[in-house]
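The values are calculated or read from the model by the stated rules, or taken from the named source; none is laboratory data. All values derive from a computational prediction rather than experimental measurement. Glycine also receives a Cβ, built like all others from the backbone with ideal geometry; neighbour counts cover every protein chain displayed. Keep in mind that these areas ignore ligands, DNA and RNA; they rest on the heavy atoms of the full protein, side chains included. Shrake-Rupley method; radii C 1.70, N 1.55, O 1.52, S 1.80 Å.
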2 protein chains.
Amino acid sequence: MTEPKTPESAATTGPVKKHGRDGKSGATIYDIAKVAGVNPSTVSRALSKPGRVSAKTQKLIEDAAAELHYQVNPFARALPTGRTSTFGLIVADITNPTFFDIIRGAGTTATARDYTLVLADAAESAVTELTTARRMMATVDGLILASPRMDDDDIRALARDKPVVVINREVDGVPCVVPDVNKGISEAVRSLAANGHRKVAYVAGPAQSWMSARRWDGVRSACEWSKLDAVRLESTKPTVDGGRQSARAVVASGASAVLTYNDLLAIGLMQELQAAGVVVPDQISIVGFDDIFGADFTTPPLTTVRSPLGECGSGAATILLDRLAGAGGETAGTLSVETELVLRGSSGRLIVAR
Amino acid sequence: MTEPKTPESAATTGPVKKHGRDGKSGATIYDIAKVAGVNPSTVSRALSKPGRVSAKTQKLIEDAAAELHYQVNPFARALPTGRTSTFGLIVADITNPTFFDIIRGAGTTATARDYTLVLADAAESAVTELTTARRMMATVDGLILASPRMDDDDIRALARDKPVVVINREVDGVPCVVPDVNKGISEAVRSLAANGHRKVAYVAGPAQSWMSARRWDGVRSACEWSKLDAVRLESTKPTVDGGRQSARAVVASGASAVLTYNDLLAIGLMQELQAAGVVVPDQISIVGFDDIFGADFTTPPLTTVRSPLGECGSGAATILLDRLAGAGGETAGTLSVETELVLRGSSGRLIVAR
DNA sequence: ATCCATTTGTCAACCGGTTGCCAATAATTG
DNA sequence: CAATTATTGGCAACCGGTTGACAAATGGAT
């Protein structure tokens, strides 16, 4: 091998310092170009556009890159192209275990497709959420919003800028991933009816929650079908504490079976009822939603309508990544994932006290 | 106001297109410069170096920036400076609820200080962990490793490159945040001793877990002090399932009280014992570690040695951010956070069967 | 050997900020 | 009022890749 081009000469006093390695870490395509004896742009092409350069030049460059432990500088790449190989996930509340599986699903899919996941928490505030989303938009290729609290219009505005996928809510014109509650709910209601229950209460979630409305719809229509009474009760907040506070209303309602907006409410409710001497499920059956982590820690373990949250996360990530890969001209349909009843101990035959 | 400098003239046929707004979103400092009638570099200074420009120029520029809804392009800034306003958090296993609070703590601190958190999961693999860490290093200013599985040397190697903080493990030469188990453990053991227990079992975690070793040390020495027998049992994995599997060994050990490496093990153990007809805490007291989400869902609710995980997360983030802000010459000490006993229903007086 | 159609590599102009150096201006002092 | 010093703003060269335009080299067909 003869020294290709510009050797170390000319390094006398000229102001030529362009692209000089100053001891810092990281080789650049200029270093590779020097080693391989080609032009930097050729290196760039070899490394990003397959088939654009001849096989032997390709090999030459790849070898040099390997030898130098080359790693692209993501910023340098993002600057002219705008592509960042990163997407954001904003969850309504990191505290809420519902999102754990979503985060995991999205994270796994991201890594599998060589993307980086940036996570942010909206702390249940629509304002924080929007601010965070706006800030993120600058650094990501796309965004996933899990149970967003902001307006439909805000979401659509974001979606006009870069691909956005919504989880747990349907927004017109934006691709969504939503658990289809009907199957799980009708299984649950049928099971309750079969066990002798005649009146079912639904403890609702936050008033502005899209999903809570869907679930109530599902419960009402399933009850209608099974000829059961359905009554809707409000809750203060969708947490264990909120569940405790709803116990009084539940008892007052005279229902013998309760479905709650989520598992947290169900767990709190069960704790409070048991503390008051109510036997679950003999006197009251309780069914939650989501099958979150810990739903089976209770005694009796919680019966719940499982939403495949991990699947929602990975599904949303897949949709997003596909859009980023393709020209992005796909339709904005809704991906619906199945829910199912997980029958555990907190629901069962009604034992009428006499 | 008169039109400052270069008006729209000269836009005839010259190849002058530099920094032209091409309809894309986002104003640049060049746009601001034009509006404010100053040089781009002055805009840059006004926006990043406080006090470098005169008050009135500053105002002029800020107004223009506000009017144009200017937002810095993080990539353009990162390219020459290397600063990204981003740090990474790698957790050993996203599935494990222990990390939920850590993520939240770190996330909150990050946002509070205008940093972005990038999350990654190592899926309990030392190799994945190291790969992920290496890849992240290119895009972040610093790194937090929560319960890392990789070698001390690998961690130190990473730390040589950029600031690294470790949670739940002590590594020489690297700043660490570790819960000090002793206070919580001695409270637990004293409580057990006071309740008539004479023999305590410790169900250990993964063999290579630094923290499991610390906890066993703590249990042993606390038992010695309180004149109790201590026996160590191994577990298959630190999960609910692992806890179930350890039940047999626990019973065989003859201990009347058990501390487990973590809450998951404790919960599984309790479920299995109860299924076998053992009454908790009358016949066996169970104490977990961490006070994870759901630890109080069980019946009886779990007594546990709480580690302030959220504090660990935010503490680590604070250390990291302080280092990034300061020249980074601080010592690499260990930040120790206090643990405490959370006395719930799963531990109590030993009722000797007769 | 000549000419045309491809393939492959080079040039140079970006992407949007940052920063060292220097000149112009303003403030301070004699 | 002149001389000196402290501020402030401008110029231009980066950071490290990407990409359109174009020329050189290669190959095939005549």
Q.
Testing the spin-label approximation: label points 7 Å from Cα along Cα→Cβ at A:E224 and A:R248. State their distance in nm.
A. 3.3
**Q.** chain B: C-alpha gyration tensor shape, a/c 1.5 cut-off, then a/b vs b/c
**A.** prolate
Q | For the protein assembly as shown, the spread of Cα positions along each principal axis, largest first, Å | A | 96, 63, 58
Q: Among B:G88, B:G315, B:G294, determine the one that fluctuates most according to a GNM of chain B built with springs between C-alpha atoms less than 10 Å apart.
A: B:G294
(Q) Using a 7 Å offset from the Cα along the Cα-to-Cβ direction at both B:T236 and A:A332, what is the distance between the two label points in nm, to one decimal? (A) 4.9
Q. What is the sum of charges around A:R156, taking Lys and Arg as +1, Asp and Glu as -1, for the other residues whose C-beta is under 13 Å from the C-beta of A:R156?
A. -4
Q. Around A:V118, which amide H atoms from residues at least 5 apart in sequence, or from another chain, sit under 5 Å from its own amide H, with H modelled in the peptide plane?
A. A:F87, A:G88, A:L89
(Q) Cut-off 10 angstrom, C-alpha nodes, Gaussian network model of chain B. Which of B:G277, B:G242, B:G142 fluctuates the most? (A) B:G277
Q: Please list A:W225, A:W216 in order of solvent-accessible area, largest first, computed with a 1.4 Å probe with all protein chains present.
A: A:W225, A:W216
(Q) Only Cα pairs within less than 10 Å get springs; with that Gaussian network setup on chain B, which residue of B:S285, B:S147, B:S125 has the largest fluctuation? (A) B:S125
Q.
I'd like the distance between the alpha-carbon centres of region A:46-110 and region B:219-255, rounded to an integer number of Å.
A. 45
Q: Please arrange A:K34, A:K56, A:K162 by accessible surface area, largest first, computed with a 1.4 Å probe and ligands excluded.
A: A:K56, A:K34, A:K162
Q.
Quick check: Cα centre of region B:264-284 to Cα centre of region A:161-213, how many Å?
A. 35
(Q) About the Cα centre, and with charges only on the beta carbon of Lys, Arg (+1) and Asp, Glu (-1), how big is the dipole of region A:41-113? Nearest 20 debye, please. (A) 440
Q: Work out the charge dipole of chain B with +1 on the Cβ of Lys and Arg and -1 on the Cβ of Asp and Glu about the Cα centre, then indicate which of B:V178, B:G268, B:L350 is farthest towards its positive end.
A: B:V178
Q) Could you sort A:F289, B:F293 by accessible area so the largest value comes first, with the probe set to 1.4 Å? A) B:F293, A:F289
(Q) Can you give me the Kirkwood hydrodynamic radius for region A:206-352, using every pair of distinct Cα atoms, in Å to one decimal? (A) 16.6
Q: Answer rounded, prolate or oblate for region A:29-72, using the Cα gyration tensor with square roots of eigenvalues a ≥ b ≥ c: rounded when a/c is under 1.5, else prolate when a/b is larger than b/c, else oblate.
A: rounded
Q. Out of residues 5 or more away from A:T84 or on other chains, whose amide H comes under 5 Å of its own, with H placed 1.01 Å from N in the peptide plane?
A. A:D141
Q: May I ask you to report, in nm to one decimal and beginning with the shortest, the distances from A:W225 to the same position in the other copies, taking label points 7 Å along Cα-to-Cβ?
A: 6.2
